[in-house]
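The values are calculated or read from the model by the stated rules, or taken from the named source; none is laboratory data. Keep in mind that this is a model prediction, so the values were computed, not measured. Please note: Cβ atoms are built from the backbone with ideal geometry, for glycine as well, and neighbour counts cover all protein chains shown.
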Amino acid sequence: MKRPSGFTPQRPAETGGAAERPADGARAPRADPIPLFGREASTPSAETHTEAPAPRPDWVNPREARKRRKRVEKAEVKRFTATSRRLRRNWLIGIGSILALALIAVLAAYTPVLSVRQIQVEGAFRVNSDAVVKDLSSQLGSPFPLVDDTAIKAALVQYPLIESYSVQARPPSTLIVRLVERTPVGTVATPTGFSVVDAAGVVIEQSESQPANYPLIAVDGGTEAPGFLPAAAVLRSLPDELFATVDEVTATTQDDVSFTLRESEARIVWGSSDESKLKAYTLTRLMASQPGFDVYDVSSPSVAVVR
């Protein structure tokens, strides 16, 4: 609807009467606005506190930011490489321990801490042990790894009674030399008397008369005869109780060895040195069951013969 020209709406007075104007023609003060929802507008008092604004973030130094980032990256690298670093550390510790032990062993072996200060000879019965120690005195003061085996062999080869030997180091300062002497098996006649020999024909000792404890190896040619080695091999294979009763042994080949006994003067046909234990058992049983015979043939122990 169109408003009529010249019409000015007037706010009604609170008392319901006509609006009062000032007498001097001044404009009346503006009335307060009508409160919304029927409530009076409240004005903030001096005691009302307003909420503080959010704090402004601090300013970060770029250099400090880079340091923080490097620390974080370093921590991540350590976390992801922990297993490989642990394995590498274990390998380094193991290798270092082995090298340290090797170094200690080398230093201990090649220093006077582990050197020969005493020589001990074992197994010497016929050999003079004091003479052996004197001949090996050149090894005194030598570290164990530097002991000269060639010099020891050269010193011991001078003793024909030594069949074999072994050398053992006993830390911290003892060198042990174990000897195996030759075993005498019989005697052979010589132009000057009798020689006690071993199974290889090496002369152990000599005497003008025949020793009573060893049988006579009666072969033509002495230790160089073809029948010497078969006869000596049989004597070496005999049991001790039977060996002690043998008086004389003869042989021409390795299969026709025979010997006589001291007490009964019986002749024993032994054959080769094979099955010596069985032949000795058969001979003992045969002489007990068939005493008084001149010949006992046990060359074939399964079919022994007496004559």
- So which residues in segment 205-226 are exposed (fewer than 15 other Cβ atoms within 10 Å of the Cβ) and among the aliphatic types (A, V, I, L, M)? Ala212
- Quick one: in segment 227-256, which of the residues that are out of contact with any strand residue (DSSP E or B) (no Cβ under 8 Å at 6 or more places or on another chain) and not in a helix (DSSP H, G or I) is surrounded by the most Cβ atoms within 10 Å (Cβ to Cβ)? Gln254
- Filtering segment 257-292 for residues that are among the hydrophobic types (A, V, I, L, M, F, W, C) and either surrounded by fewer than 15 Cβ atoms within 10 Å (Cβ to Cβ) or touching a Pro at 6+ places or on another chain (Cβ under 6 Å) (or both) leaves a count of 4
- Looking only at segment 153-179, count how many residues are in a loop (DSSP other than H, G, I, E, B), of a type in the set (Ser, Thr, Tyr) and either on the phi > 0 side of the Ramachandran plot or touching a strand residue (DSSP E or B) at 6+ places or on another chain (Cβ under 7 Å) (or both). 1
- Message: Take the conditions of a type in the set (Val, Ile, Thr) and modelled with pLDDT under 90 and apply them to Thr150. Does it pass?
- Response: no
- Query: Within the group Leu92, Leu101, Leu146, which residue is under 24 Å from the mean Cα position of the chain (by Cα) and surrounded by 12 or more Cβ atoms within 10 Å (Cβ to Cβ)?
  - Reply: Leu146
